[in-house]
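The values are calculated or read from the model by the stated rules, or taken from the named source; none is laboratory data. None of these values were measured; they are calculated from a predicted model. With ideal geometry, Cβ positions are generated from the backbone for all residues, glycine too; neighbour counts draw on all protein chains shown. Keep in mind that these areas ignore ligands, DNA and RNA; they rest on the heavy atoms of the full protein, side chains included. Shrake-Rupley method; radii C 1.70, N 1.55, O 1.52, S 1.80 Å.
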Amino acid sequence: MKELLVFILIVSPFMFAVLCSIIKSDKIRSFVVLAMGIILSVSSLLLITKVPFSFSPKSVFTIKVNHIIEVSDFLLLFLMLFFAFKYKSILIRIFVIFQMVFVSYFDFFLKQNHSDYPTIYCDHLSLIMVLIISIIGSLICFQAVPYMKEHEHHLNIHPAISKQRGFFFVMVLFLGAMNGLALSNDMMFFYFFFEVTTICSFLLIGHDQTEVAIKNSIRALWMNSLGGCAFIVAIVWIYSQIGTLDIQEIIRTYGNAKYYVLPLALICLAGFTKSAQFPFQSWLLGAMVAPTPVSALLHSSTMVKVGVYIVLRFSPVFKGIFLSQCVALCGAFAFLAGAALAVGQSNGKKVLAYSTISNLGLILACAGINTPAAHTAAILLIIFHAVTKALLFMCVGTIEQHIASRDIEDMRGLYAEMPITALITVMGVITMIMPPFGLLLGKWMAMEAAARNLLVILMVSLGSALTVMYWARWAGTLMSDPFAGKFKLESQPILTWIPLLSLCSLASVLSFLAPLVYTKMIVPDLNSNFIPFDIHRGIFENSYGQFPVVPLCLIAILGFGVAVWAVKSAASSRIVPPYLSGAQTAEPGTFTGPMNQLVKSEARNYYLSRIFGEKRLTTCINLAAGVWLILMVGGTL
Amino acid sequence: MIGIKKFISKMRTKSPWLLHFDCGSCNGCDIEVLACLTPVYDVERFGIINVGNPMHADILLVTGTVNHRNKVVLINLFNQMPDPKIVVAIGACGLSGGIFRDAYNVVGGVDKVIPVDVYVPGCPAKPEAIIDGVVAGLSKL
Amino acid sequence: MITDLVLAIFCIVFVPVLGGFISGIDRIITARFQSRVGPPLLQPFYDVIKLFGKEKVVVNVWQAFCAYCYIAAASISIVMFFFKSDLLLILFVQAVGAIFLVVGALSSTSPFSQVGAHRELLQILSYEPLLVLVVVGMYLEVDSFKIWKIYEWNEPLILKLPFLFIVLGYALTIKLRKSPFDLSTSHHAHQELVKGVLTDYSGPFLGLIEIAHWYETVLVLGLCSLFWATNWIGGFILVAITYILEIIIDNVSARMTWRWMLGYVWAMGITLSVVNMVWLSLV
């Protein structure tokens, strides 16, 4: 049974991807995507009852799995090399050839026929990743169907030369690769899937084939290949020391003083590039040129989580050493810097991108703090960030197609135009920053866990205040309009509504169920006798803190009810124009200027660009982060 | 219910918030209005605050003549004030247009445009008279 | 369970009364500083009751939503304080209210509201990290974020955390809307932005916001009192002295710009916190 499930989760997306690339009819392809999404979601849910498990699949379609991976590794690297020559990128050439040398050295000289170990391993952490990928990923693929139709229509691409087949091929394939990554227990499998996600990201960023898109996709490729280089070096190094590729075995035995720490630092470095931590953030920002479903799937909820996932996976190994400290500091710094840069942005997608970097930084900081409570925080943050950020990206995508802009200033008064989407976006923002929702629960745990670490808590507290600033500003802007009676609800394709509404409800319901998620999914994984939080009556409690999730949720529901009643009752009150020194006219938002001309009153948001502007901060932040990283890697020698 | 209403209307007389609008005054009456806020008169003793915002105000103090240009502003401000509200016209100009009443651009006194509850005469009106006018208006709230 | 409920209702009802009296005393003392007599002690109550009797006028119905959310969050945070719950969480719940106040103001297109709202956001940006650092400092001393642990501690925290008390003072000044930090709106009738963040709230909704502000006043003064939690007389004296100092600062200083506020408050706040925490870890 579990073999079948794993097969469905990893291999079937590859088959569905091929189907997507063959089928010419849009309708049938949509159906295939839908079917795949449902199958993946159901199998991932069925997997819950099976964990933890491990096994070693011998063959797929009578071919040995090891051989498939070995051959595909080279195919993939040659494909990258092809792109390196096609786009004349020297950096990619260097990194790819470097990886080829190491992979061949490993495959032909170093590798021995070693004893059996499970190549597939699934504990609760992998399960959480699989659930996120399969459920949220599928929802994003659903939304991509109407989105891409509209997208090509908008770009005046004739249906005959539509590139949707290629698009869905990569999107669907990516889901399989991600599932493979989460479930594999063999370093080489992991490395292979890591590279697949890199190339998927490259292809999808460059999907529109505009000049900017190509430039940004090349940057993404070389930065992620750098991560790949670090990873393969780490694999070879670790293998030459302890002679196994079994990740669980490595975690069990490697935490010994007699081994070098540098490979671990390299793994962290690979994670940092994948998670777009400073100074590698520029690829993620560039990735925002891609169609929005891509940003939602790869660049916020799943692929960038790979980075934090590997760091979290290996964190027990470097517990209590200098590297752990470094990871915590780098993460906290990224949290602060990402939030600061997000404050200076008015481009909605860029705000989301920086906010993603910032939140990933917080998760890394938790991994670096390396206590059971911090791990709990990290996992909660991974779950809730994936849900909420995917939701927000989809909202921005829907809004962007409607108003043809992704600038926050252009979303002023969106409530009058797209009431439901605007409300869902505001709900997303609320779940992002407010108690009792899951992200804040995670942040609270992170802060309490970090309290003994002066620098970390300092950066986290500053970053947290900045986070509040840019989210609150956005939510307010969406609602900013004179309210005049009833609005017409906007109409959207059903495949847009389903993901939006289900993610929105998921974000809120899952917060209510956070205690359950904790006891069922996180505690079994901590594999220590020390349980960071006791749960009673839905209250998280330990010796130094207390977070009553369920009571607060109940109060929040009550308060929400009262507030909605207030809106209803306020609708009967007299509606007046906003205060404009008495000079307002019948035309909303205007006043009588000189010569009796109507002048539009305008107020723009504060973006504080002289303090938090991208131009001003990026160089300093990259420099600082670069120094941190060098310290991190160098300090382990 | 009647008890609550009575209670609230008593509170109204204890907390009158003012909006002062200079509707084309020579600043004579304005100075006198501001004088009420100084320690000499200290109208905050009676809970009176000059809020400068129609959304918060209970009493509209208008000084000066109304002309064609600013009558719109006066009406706008008046409409933005939540009920119950009273209007106090101050000074000769506010009452009737004063010496400007025949000018080509002048509409006349405040009551040409919005309903006035209390008239405070004087050129300029004395602070004591203004306070007296406000207090007289409170009984209407 | 029943006693919990009674306590919750008691503090929801009692705290605004306390907050109103504090506000009344504040206004009288301020008036005396300016050689005026000042309003009666009950003036804040007169104002709020009057506001509830006014006609409902809104610019945008979201204002009503936000005003209710603000008071809900403020009252929940104070109830949690009286239940001696987790300090960090109380700060987060309190921040919810502050955010809704801003969102409500942003829902009006009036430039006065908008600018006021952004200044309010900048104020939140300035004081929020400071409050977190103060709470973290308390944790470092008593090894818990829970308030009841602080009450069980056997010596006043101010002896160990003197600089953090000053940091709390900065946050307090901003939170109480006192000069030089009363950028977004102020209690006095001399705001250059009409009434800043409150410009377009009116009638009962303004009344709700006023009450919510009383809750918050009591909450931040409660935070102050934790610095002398060993006996209530000490706590009371500490709070009284702090509040009088706040009023003096309010009266002797001019309103400054947000740039200055952000730079000054962060620089001073962070420096003092770090010095205090390092000192705490050394002794």
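Here residue C:64 fits the description: over 16 Å from the mean Cα position of the chain (by Cα) and part of a helix (DSSP H, G or I). Against the criterion of being buried (at least 24 other Cβ atoms within 10 Å of the Cβ) and in contact with a Ser or Thr (Cβ under 7 Å, 6 or more places away or on another chain), residue A:334 qualifies.
Residue count for region A:75-105, restricted to those that are among the hydroxyl-bearing types (Ser, Thr, Tyr) and part of a helix (DSSP H, G or I): 2. From the list A:526, A:478, A:489, the one residue that fits, being within 30 Å of residue A:29 (Cβ to Cβ) and at pLDDT below 90, is A:489. Of the residues making up region A:522-553, those that are within 11 Å of chain C (Cβ to nearest Cβ), polar (S, T, N, Q) and free of Cβ contacts under 8 Å to residues at least 60 places away in the same chain are A:543, A:546. Taking the listed residues A:139, A:110, A:127, the one that is at pLDDT 90 or above and surrounded by fewer than 23 Cβ atoms within 10 Å (Cβ to Cβ) is A:127, with no other qualifying.
Just wondering, is there one or more residues in region A:554-561 that are buried (at least 19 other Cβ atoms within 10 Å of the Cβ), over 16 Å from residue C:104 (Cα atoms) and more than 8 Å from chain C (Cβ to nearest Cβ)? Taking every residue of region A:554-561 in turn, at least one turns out to be buried (at least 19 other Cβ atoms within 10 Å of the Cβ), over 16 Å from residue C:104 (Cα atoms) and more than 8 Å from chain C (Cβ to nearest Cβ).
Within region C:225-257, the set of residues being part of a helix (DSSP H, G or I), more than 30 Å from residue C:149 (Cα to Cα) and within 19 Å of the chain's Cα centre (by Cα) comprises C:247, C:248, C:249, C:250, C:251.
Within region A:167-186, is there a residue that is assigned to a helix (DSSP H, G or I), touching a strand residue (DSSP E or B) at 6+ places or on another chain (Cβ under 7 Å) and under 30 Å from residue A:117 (Cβ atoms)? Among the residues of region A:167-186, at least one is assigned to a helix (DSSP H, G or I), touching a strand residue (DSSP E or B) at 6+ places or on another chain (Cβ under 7 Å) and under 30 Å from residue A:117 (Cβ atoms), which makes the answer yes. Filtering A:173, A:203, A:226 for residues that are open to solvent by 20 Å² or more (accessible area, probe 1.4 Å), at pLDDT 90 or above and more than 25 Å from residue A:393 (Cβ to Cβ) leaves a single hit, A:226. Among the residues of region B:10-51, the ones that are touching a Leu at 6+ places or on another chain (Cβ under 6 Å) and open to solvent by 40 Å² or more (accessible area, probe 1.4 Å) come to 2 in all. When A:522, A:457, A:535 are checked against the criterion of being open to solvent by 30 Å² or more (accessible area, probe 1.4 Å) and among the β-branched types (Val, Ile, Thr), A:535 stands alone in meeting it.
Residues that are within 29 Å of the chain's Cα centre (by Cα) and part of a strand (DSSP E or B) were ranked within region A:51-65; the one that is surrounded by the fewest Cβ atoms within 10 Å (Cβ to Cβ) is A:55.
When residue A:288 is tested against (1) touching a His at 6+ places or on another chain (Cβ under 8 Å); (2) buried (at least 24 other Cβ atoms within 10 Å of the Cβ); (3) over 13 Å from residue A:364 (Cβ atoms), exactly one condition is not met: (2). Would you confirm whether any residue within region B:74-81 is open to solvent by less than 10 Å² (accessible area, probe 1.4 Å) and out of contact with any strand residue (DSSP E or B) (no Cβ under 7 Å at 6 or more places or on another chain)? Yes. Determine whether residue C:181 is open to solvent by less than 20 Å² (accessible area, probe 1.4 Å), in contact with a strand residue (DSSP E or B) (Cβ under 8 Å, 6 or more places away or on another chain) and not charged (D, E, K, R). When the stated conditions are applied, residue C:181 does not pass them. Inspect region C:148-165 for any residue being at the interface with chain A (Cβ under 10 Å from one of its Cβ atoms), of a type outside the set (A, V, I, L, M, F, W, C) and open to solvent by less than 30 Å² (accessible area, probe 1.4 Å) and give the result as yes or no. No, region C:148-165 contains no residue that is at the interface with chain A (Cβ under 10 Å from one of its Cβ atoms), of a type outside the set (A, V, I, L, M, F, W, C) and open to solvent by less than 30 Å² (accessible area, probe 1.4 Å). Only one of the numbered conditions (1) more than 10 Å from chain A (Cβ to nearest Cβ); (2) over 30 Å from residue C:151 (Cα atoms); (3) in a helix (DSSP H, G or I) is not met by residue C:21, and that is (2). Scanning region C:14-55 for residues that are farther than 22 Å from residue C:176 by Cβ and out of contact with any strand residue (DSSP E or B) (no Cβ under 7 Å at 6 or more places or on another chain) turns up C:35, C:37, C:49, C:50, C:52, C:53, C:54.
Considering only residues that are at the interface with another protein chain (Cβ under 9 Å from one of its Cβ atoms), modelled with pLDDT of 90 or more and touching a Phe, Trp or Tyr at 6+ places or on another chain (Cβ under 6 Å), look in region C:59-85 and name the one that is surrounded by the most Cβ atoms within 10 Å (Cβ to Cβ). Within region C:59-85, the match that is surrounded by the most Cβ atoms within 10 Å (Cβ to Cβ) is C:66. Within region C:124-180, can you find the residues that are among the charged types (D, E, K, R) and within 19 Å of the chain's Cα centre (by Cα)? Result: C:128, C:175, C:177, C:178.
Residues in region A:241-293 that are outside any helix (DSSP H, G or I) and within 22 Å of the chain's Cα centre (by Cα): A:275, A:276, A:277, A:278, A:279, A:280, A:290, A:291.
Only one of the numbered conditions (1) facing another protein chain (nearest Cβ under 7 Å); (2) among the polar types (S, T, N, Q); (3) not in a loop (DSSP other than H, G, I, E, B) is not met by residue C:35, and that is (3).
Residues checked against (1) open to solvent by 10 Å² or more (accessible area, probe 1.4 Å); (2) assigned to a helix (DSSP H, G or I); (3) without any contact (Cβ under 8 Å) to a residue 12 or more places away in the chain; (4) at negative phi:
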| position | (1), (2), (3), (4) |
| --- | --- |
| C:94 | no, yes, no, yes |
| C:100 | yes, yes, no, yes |
| C:105 | no, yes, no, yes |
| C:108 | no, no, no, yes |
| C:117 | no, yes, no, yes |
| C:120 | no, yes, no, yes |
| C:129 | no, yes, no, yes |
| C:135 | no, yes, no, yes |
| C:138 | no, yes, no, yes |
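Taken together, C:266, C:260 contain a single residue that is open to solvent by 30 Å² or more (accessible area, probe 1.4 Å), part of a helix (DSSP H, G or I) and under 20 Å from residue C:220 (Cα atoms), which is C:266. Pairing each residue of region C:39-56 that is within 14 Å of residue C:214 (Cα to Cα) with any residue that is of a type in the set (Lys, Arg), provided the two are 6+ apart or on different chains, yields C-beta distances under 7 Å for C:43/C:27. For the criterion of being open to solvent by 10 Å² or more (accessible area, probe 1.4 Å), more than 21 Å from residue C:22 (Cα to Cα) and within 14 Å of chain B (Cβ to nearest Cβ), residue C:195 passes. Restricted to region B:1-110, the set of helices (runs of 4 or more DSSP H) holding at least 1 residues that are in contact with a His (Cβ under 9 Å, 6 or more places away or on another chain) and free of Cβ contacts under 8 Å to residues at least 60 places away in the same chain comprises B:28-35.
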